Amino acid sequence: MDRPQYRLRVDDIRVFDDVVEDIVEIIGVVSKAQASEWLLREGQPTESVED
């Protein structure tokens, strides 16, 4: 997945963030129960490369 680049788990909370140069951009803070739905809606999958 291209976006979010990183995920942090804190108890039942998930924090999704990207790092751009020396800046950490928090792009989402959601409950564990909502994390999969949030990723489907907001995440940007990595483009697959065919041989």
#### Entry: The lone exception for Leu39 - which of (1) surrounded by 14 or more Cβ atoms within 10 Å (Cβ to Cβ); (2) of a type outside the set (Lys, Arg); (3) touching a residue at least 40 places away in the same chain (Cβ under 8 Å) it fails
(3)
### Query
Of the residues that sit in the stretch 2-25 and are assigned to a strand (DSSP E or B) and open to solvent by 100 Å² or more (accessible area, probe 1.4 Å), which one is modelled with the highest pLDDT?
Arg9
### Message
Condition check: open to solvent by less than 100 Å² (accessible area, probe 1.4 Å) and in contact (Cβ under 8 Å) with a residue 40 or more places away in the chain. Does Pro45 satisfy that?
### Response
yes
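The values are calculated or read from the model by the stated rules, or taken from the named source; none is laboratory data. Only a predicted model underlies this, so the values are computations on that prediction, with no experimental measurement involved. Quick reminder, even Gly has a Cβ in these numbers, built from the backbone with ideal geometry, and neighbours come from all protein chains shown. Accessible surface areas use protein heavy atoms only, side chains included; no ligands, DNA or RNA. Shrake-Rupley method; radii C 1.70, N 1.55, O 1.52, S 1.80 Å.
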